[in-house]
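In what follows, a structure is listed as structure tokens, so that the remarks can point back to it.
Just so it is clear, none of the values below were taken in a lab; they were calculated from the coordinates. Here the structure is a predicted model, which means the values were calculated and not measured. Neighbour counts are summed over all protein chains in view; Cβ atoms, including those assigned to glycine, are modelled from backbone coordinates with ideal geometry.
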Amino acid sequence: MQAEMKERLGAYDYWPYEDRPKITWPNGARVAFWVAPNIEYYELDPPTNPQRKPWPTPHPSVPGYSIRDYGNRVGHERQMALLDKYGIRGSVSLSVALCEHHPEIITMCRERDWEFFSHGIYNTRYTYGLSEAQEREMIRDGIETIHRHTGQKCAGYLAPALSHSEHTLDLFAEVGQELFGEEGGIYTCDLFHDDQPTPIHLRSGRRFISMPYSLEMNDTIVYAVNKVEPRHYLTMLKRHFDRLYAEGAESGTVMCIPTHNYQVSCPHRIKAFEEALEYITGHSDVWVATGREIAQHYLAHHYDDALRDIEAKAATAGRS
Amino acid sequence: MSLGPEYLHYPWRRHGYDHDRYAWSMLGDRRTIRWPGDKPLAVWINVSLQFYPLNQRGVPFKVPNGMTMPYPDLRHYSLRDYGNRVGIYRLLAAFEQRGVRPTWAINAQLAERTPYLLERLRAYGGEFLCHGWNMDHLHYGGQDRDEEAAVVRRSVETLRELTGQRIRGWLSPAKHQSWNTPELLAENGIEYCGDWINDDMPYAFATERGELTMMPLSTEIEDQFVMCQNLHSEDSWVNQVTDAFDFLLEEGRAQGGRLLALNLHPWLVGQPHRIGCLEAVLDHIAAHAEVWQAPAGEILDAYRAQAGDND
């Protein structure tokens, strides 16, 4: 446990969703749309962690392990075929040990010029209880493994199983910069406070942003936590898109669909996902992009305006 | 206080899996299987016939759909028993009308306690597979090996004796296993198992006592998962099963044989307001000529005859 817990996160300022500087996406698009397939590896017999049980029942927890394996054995190729069909390059939230376990999947994604970002080593190894040095080592392992297997300079991070420390964002940005300069470690998917990218405070003062990734549209949250019926997920995705598309006429928004091959690619659910992709990509003024592309565009064109606006409003807007 | 250095050691970080139970391969890359009659889709209709004891021990966890109230939980005990007294006869009628060839996954203790039911199922026909002893005899890591070995042996032998069938298949209660379960199944002459739900086709599964074939019995579309765990409506369940059927049939046409494994619970889908939904599902399946609906053992044989070193 932390010796002392903070009341406020302090990673960003209160910044109201009105009267912000206009965001302009390439070709005047209203919505930057990205799909983030989580390609994960859960261990059959992971070590214990004092703060979180990896499996709900004694190991081997066959039901949980085997459905996640379904995602890699069966689901991945199905989802990839759909993304191909609708001209979408995935931004893979990667359990990097998958590079060793299932390199065939990595090869397929590379052939399609998909982006890879780090989602930890395994989704059964948590940040909880790691010292700062250990967390730095885990983050470095993630970034280096992606580089070794794909040649990519990892730009984004989603902490494994959404397990965080107070230092997670700082460490990721620092290690990314150390290894790859301004190209490495530029965005986090771990914060859910906005529908637009926002600048993040780091102890290093480095330029770094939060990228909207959306737990609300995340298929595992939708299906496994909120227990939504497949056809209703389609309705949710359309409504989410429609509103962001309408608002995007004023200032560019971001929509992300985070997926898992063991959820969205199951035979009884894939049709809903396909219809959503068809609907969204059937609109003009949608920028189909990857997380890195959106982050780089924002950093190059909007980050400084955002900082100035946040600064100007800080005296009256408050803090969060 | 931080974790020891071993938390960042990964001894199984290698090509393939973090275990040696089966080989890594992706479904789309495997040799094409065609079912008898050159059908692209095999349908395994599995009926789980279960006994939930009133004096549930809940070791090492309370089985889903078991007793939840303080003892004696008459509510759940009798509602589950409903399936074996009433619900199953509605399923039998629906099956008879449509010529369904089911697989009966039965708790051995239920087979022993209800000879009328067992005789009725035998008279209908279909394959029996062993669904363990009862729903409160779970298999789990840390379980004493001899204790588990005795449960497996007693369950399989009881069912063989009562049914006169070979009993080739196994389904663990709650699909939960110990580290030893696959070896114990192989030792008892079991050939296939439905517990690992990681594929839409059978595949080879290694044990130290010889090979099993894993026949993944989908949880995602089974009645209790959709309606009891996810609390979706009956109509949504019909949509989900028929959507899965349509998708797998199409994928089977394009890529080679697929398996739709539909697990049913008479205590749930045998209720008056739900049985019509099962009938709608069965009608949807029956309306497609490119489907081979067969007991699990026949699907196993057809798979093995073609699989070779497919896995």
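Summary table
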quantity: Neighbouring partner chain Cβ atoms per residue of A:262-274, average, 10 Å criterion; calculated: 5
quantity: Contact order relative to length of chain A, as percent, for alpha carbon pairs under 8 angstrom and 6 or more apart; calculated: 29 percent
quantity: Dipole moment magnitude, nearest 20 debye, region A:26-317 about Cα centre, only Lys, Arg, Asp, Glu C-beta charged; calculated: 600 debye
quantity: Dipole magnitude of region B:32-307, debye to nearest 20 (Cβ charges: Lys/Arg +1, Asp/Glu -1, about Cα centre); calculated: 640 debye
quantity: Sorted peptide list for B:220-231, A:31-42, criterion being average Cβ within 10 angstrom, highest first; calculated: A:31-42, B:220-231
quantity: Cross-link reach list, lysines versus A:LYS227, counting only Cα pairs under 24 Å and skipping chain neighbours closer than eight places; calculated: A:LYS53, A:LYS238, A:LYS271, B:LYS62, B:LYS175
quantity: Mean ellipticity per residue at 222 nm, deg cm²/dmol - from DSSP H runs of n ≥ 4 across chain B, formula -39500 (n - 2.57); calculated: -11000 deg cm²/dmol
quantity: Other-chain or far-sequence residues with amide H under 5 Å of A:PHE116's (modelled H); calculated: A:VAL92
quantity: At least 30 Å along the helix axis (C-alpha) and Kyte average at least -1.0, DSSP helices within chain B; calculated: B:234-255
quantity: Student exercise, the protein assembly as shown dipole from Lys, Arg, Asp, Glu Cβ charges, in Debye to nearest 20; calculated: 1040 debye
quantity: Whole-number percent relative contact order across region B:32-307, with pairs defined as alpha carbons under 8 Å at least 6 apart; calculated: 29 percent
quantity: Derived scalar couplings ³J(HN,Hα) [region A:93-106; Karplus, 6.51 cos²θ - 1.76 cosθ + 1.60; whole Hz; x for Gly, Pro]; calculated: 8, 10, 5, 5, 4, 4, 4, 7, 5, 10, x, 4, 5, 4
quantity: Highest-MSF residue in chain B out of B:SER155, B:SER233, B:SER218 [GNM, Cα springs under 10 Å]; calculated: B:SER233
quantity: Peptides B:130-142, A:245-257 ordered by average Cβ neighbours within 10 Å, highest first; calculated: B:130-142, A:245-257
quantity: Value of Rg/Rh across the protein assembly as shown [Cα atoms, Kirkwood radius]; calculated: 1.00
quantity: Exposure proxy order (Cβ contacts within 10 Å, fewest to most) of B:VAL269, B:VAL156; calculated: B:VAL156, B:VAL269
quantity: If the convex hull is drawn through the Cα atoms of region B:32-307, its volume per residue in Å³; calculated: 121 Å³
quantity: Calculated from backbone phi, Karplus (6.51, -1.76, 1.60) coupling profile of region A:226-234 in Hz, x at Gly/Pro; calculated: 8, 6, 7, 6, x, 5, 6, 4, 4
quantity: Compactness relative to 2.2 N^0.38 Å, alpha carbon Rg of region A:26-317; calculated: 0.97
quantity: Cα centroid separation, region B:99-133 to region A:228-255 (Å); calculated: 49 Å
quantity: Charge-dipole axis of chain B as Lys and Arg at +1 and Asp and Glu at -1 on Cβ define it, positive-most pick from B:THR207, B:PRO72, B:GLY28; calculated: B:PRO72
quantity: Positive-end extreme of charge dipole, region A:26-317 - chosen from A:TYR126, A:ASN72, A:ILE39 (charges on Cβ); calculated: A:ASN72
quantity: Residue order, fewest to most beta carbons within 10 Å, for A:THR57, B:THR68; calculated: B:THR68, A:THR57
quantity: Spread of Cα-to-Cα distances over 5 Å intervals beginning at zero, given as percent, for region A:1-128; calculated: 2, 8, 14, 15, 14, 13, 12, 12, 8, 3, 0
quantity: Relative contact order (%) - region B:1-140, alpha-carbon pairs under 8 angstrom, separation at least six; calculated: 27 percent
quantity: Packing-based ranking, highest mean first, of B:271-277, B:186-192 given that Cβ atoms within 10 Å are counted; calculated: B:186-192, B:271-277
